[in-house]
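For reference, the structure is listed below as structure tokens.
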Amino acid sequence: MIPSSVNCQPFKDQKPGTSGLRKKVTQFQIPDYLETFVQSIFNAGADASAQGTSRLEGKTLVLGGDGRFHNDKAIQTILKMAAANGFAKVIVGQQGLLSTPAASCVIRKNPSLGGIILSASHNPGGPNADFGVKFNAANGGPATEALTEAIYQQSLRMDQYQTLECADIDISQLGTYQLNAMAVEVIDPVTDYAEMMEQLFDFERISHLLRADSFSLVFDAMNAITGPYAHAILEQRLGAPSGTVIRGQPLPDFGGEHPDPNLAHAPELQRLMSGERAANFGAASDGDGDRNMILGANFYVSPSDSLAVLAANATLVPGYSEGITGVARSMPTSHAVDRVAQHLAIPCFETPTGWKFFGNLLDAGKITLCGEESFGTGSNHLREKDGLWAVLFWLNILAVKKLSVAEILQQHWRQFGRDYYTRHDYEAVATDSAQALFENLREKTKHLAKTQLGQYQVMQADDFSYTDPVDGSISQQQGVRILFQGGARIVYRLSGTGTEGATLRIYFEQHETDPTKHSLDPQIVLSNLIRIAGELAEIEHFTGRSQPNVVT
Ligand code: VG1
Ligand code: CO
């Protein structure tokens, strides 16, 4: 098999978003579309890692995906391209499967150039739905902004890619195979990850809890990648009864559902967690296994609160028993974790949305835990957010504290106050309308400071800009923030993960210290802020919508 160079035209739309390149499957099926992006990754990755020699020879690549439609085809394309580009070895998950956190784990365990993860995460899958490709660097974390920009620049001038003309390689069995001079090592997707979880958490204690008659757990894998991980860890290793994991078989189209862990997309889980016979603990993960939703019996834990609870209780978990050095949250995430950091006298960093911004802080040892309001939580054990890790963290806390999820939150709020929080999404808005709305909003923001909006006095209004404390890189226009006297806040952003039109996200929060007001409905507590946000941004005027279509 002789490697061949294929001449091609560059595509102009391969700019990675918040988390990799996400497009419709039909787009990725266009001849050369996937190939040009993968070659761009290889070229940029080689430049970034080679210290002047710019070579891929001798390098290892990690490869896997969430199993969605087109995963199998893309894996074969990338294997052949890797061989033709001179990689010495590709480590690939059996059947092409690796959850995002497991991929990060495998990259960190094996010295490598990095890894390619095939996923559009929480976006739907199937022939008419979404596909995605992202590159993680040698530290196991999503490519930094500098690297994604370099990949994009490569794609704009891509005129040739390398590949092999050969039959597909069978990756259904574990073992090491040859593709020309390149080794293809097919690994079990769960083993390394499960071992790591066993080192971090008190499996004996968690197992005791899960085997107790008085405790019941439901884990919704949403027909996505965490199924095999949850079966292996929760049921087989920890002894939760079989049937604990629901929708545990990964399907290429996720059963036609959104693999997005929020109440709107997990009706069966919600039913099992409601009413008098509700289970004690419920959780769900997303398409690629990096998100988590946490529920107690008749109780929903907001992701921002979840991060704060993990930080406050970290020393109960063996992997964090020495304490945590610092925490970080994405800007739109609530201030709940800031309060814990202040109490622990550790730093709290505020980053733009997207896990790539946590990488430098984690690598530099400035933080131990980090998270986002979008159901993402993680720590220095990896460089990705990690769904099952968060579930195990919670189970470890429950096993030690012997309290219910609701009791833990109520106790937490009594100590720190409650940060009422909600996010409203307006999906698939026309791109032009969304842009016009933002232009108008940015203009208005300039004159908002010191003005009164309803009962709220504006303290500061700006477009969030972030200077990375480790490498000094600057990221601008990361979300419009309206900060009010007393700590209430409205944030507006446009999503960078959608594949259709634009998605407007608006985030609301308000702190409440009075314990008699800790059991209210966030939509009611925040209703004045919600009204102000709608009027200020003239949402109905620009989008024609009077209501968001997803509320979390
Ligand atoms: C969303 C979330 C963001 C998250 C990103 C990737 O991005 O808001 O917090 O990091 O998805 O998550 P955006 O730009 O659409 O708001 V995942 O699990 O979809 O890789
Ligand atoms: Co995800």
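Below is a table of values for the structure above.
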| item | result |
| --- | --- |
| Gap separating the Cα centres of the range 315-344 and the range 270-313, nearest whole Å | 18 Å |
| Stretch gain in nm, segment residue 541-residue 160, where the contour uses 0.36 nm per residue and the Cα spacing is subtracted | 132.5 nm |
| Within the accessible area of the range 84-138 (1.4 Å probe), percent carbon and sulfur | 51 percent |
| Amide H contacts under 5 Å for residue 459, placed H, 5+ residues apart | 450, 483, 484, 485 |
| Separation between Cα centres of the range 163-187 and the range 441-478, rounded to whole Å | 51 Å |
| Cleavage-rule hits, trypsin sites (Lys or Arg not before Pro), the range 446-485, DSSP coil, Cβ neighbours within 10 Å at most 15 | 446, 450 |
| Span from the the range 71-113 Cα centroid across to the the range 479-535 one, whole angstrom | 40 Å |
| Sparsely packed trypsin sites (Lys or Arg not before Pro) within the range 312-412, loop by DSSP, other Cβ within 10 Å at most 15 | 402 |
| For residue 351, distant residues with modelled amide H under 5 Å away | 329, 330, 331 |
| Length gained when the stretch residue 427-residue 13 is fully extended (0.36 nm per residue, less Cα-Cα span) | 147.0 nm |
| Mean residue ellipticity (222 nm) of the chain, computed from DSSP H runs ≥ 4 via -39,500 (n - 2.57), nearest 500 | -9000 deg cm²/dmol |
| Probe 1.4 Å, protein heavy atoms only - accessible area per residue of the chain in square angstrom | 38 Å² |
| Nearest-ten-degree value, helix 303-313 long axis tilted from longest Cα axis of the chain | 90 degrees |
| Within the chain, longest stretch clear of exposed GluC sites (Glu not before Pro) (DSSP loop, no more than 12 other Cβ within 10 Å) | 323-499 |
| Within the range 496-552, trypsin sites (Lys or Arg not before Pro) in DSSP loop having at most 13 other beta-carbon neighbours inside 10 Å | none |
| Pairwise label distance in nanometres, residue 315 with residue 1, each label 7 Å out on the Cα-Cβ vector | 5.5 nm |
| Simple spin-label estimate for residue 146 and residue 236 in nanometres, 7 Å along Cα-Cβ | 4.2 nm |
| Lys/Arg +1, Asp/Glu -1 at C-beta; the chain dipole; positive extreme among 265, 456, 375 | 456 |
| Percent carbon-and-sulfur accessible area, the range 437-489, ignoring ligands, DNA and RNA, probe 1.4 Å | 49 percent |
| Net length gained if the chain between residue 208 and residue 442 were fully extended (0.36 nm per residue, minus Cα distance) | 78.8 nm |
| Mean Cβ neighbour count within 10 Å, used as a protection proxy, ranking 287-294, 260-267 highest first | 287-294, 260-267 |
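The values are calculated or read from the model by the stated rules, or taken from the named source; none is laboratory data. Please read these numbers as outputs of a predicted model, since none were measured by experiment. Here the Cβ is made from the backbone with ideal geometry for all residues, glycine too, and neighbour counts use every protein chain on show. Note: areas computed on protein heavy atoms with side chains; ligands, DNA, RNA excluded. Shrake-Rupley method; radii C 1.70, N 1.55, O 1.52, S 1.80 Å.
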